[in-house]
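Novice: My structure is below; once you've seen it, I'll send some questions.
Since every read-out is calculated from the coordinates, none of them should be taken as a lab result. Being a predicted model, the structure only gives us computed values, none of them experimental. Backbone-built Cβ (ideal geometry, glycine too); neighbour counts: all protein chains shown.
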Amino acid sequence: QVQLVESGGGLVQAGGSLRLSCAASGRTFSGYSMGWFRQAPGKEREFVAVISWSSGRTYSADSVKGRFTISRDNAKNTVYLQMNSLKPEDTAVYYCAARRSASIATTKEAYGYWGQGTQVTVSS
C-alpha cells in the first residue's frame, strides 16, 4: 500500500522560503511520477509541479516557475518542493501525489495516491 506523508508547511512572510517534504513508502517508485498540488479555500485543487522518479524530468506550473523547485532523493524515497520568493497567493494546503506512470501529468485525476496535506500560509 502506497503511503505519502507531507511535512514542512508553516507560516512564512512574503518573500520567504519553505521546503516541503513528501516521504513515500509501500513500494518501489522507480516507475512512478510524483506531483505536488495545492488547494486554497474555496478553490479547486491545482497542479504545482511534477517529477518523474526514474528520469528526474520535471515540469512546473507557470505560476511557480522560477520560484519553486521539485526534486527527489532516491535513497530516502522522498520528494521535495523548495519554495522561494513566496507570495500571499501561494497560501494553500499542499498535497503530494503519486501516479503509476513515469510520464508527466498535470491533472489531479491522473494521480491515484495522495498524502494528507500540509498547510502553507504566506503573510503579507
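Novice: Beta carbons within 10 angstrom, averaged per residue: use that to sort the peptides 49-57, 73-81, highest first.
Specialist: The packing order, highest mean first, is 49-57, 73-81.
Novice: For Cα pairs less than 8 Å apart in space and 6+ apart in sequence, what is the mean separation divided by the residue count of the chain, i.e. the relative contact order in percent?
Specialist: Over the chain, the number comes to 36 percent.
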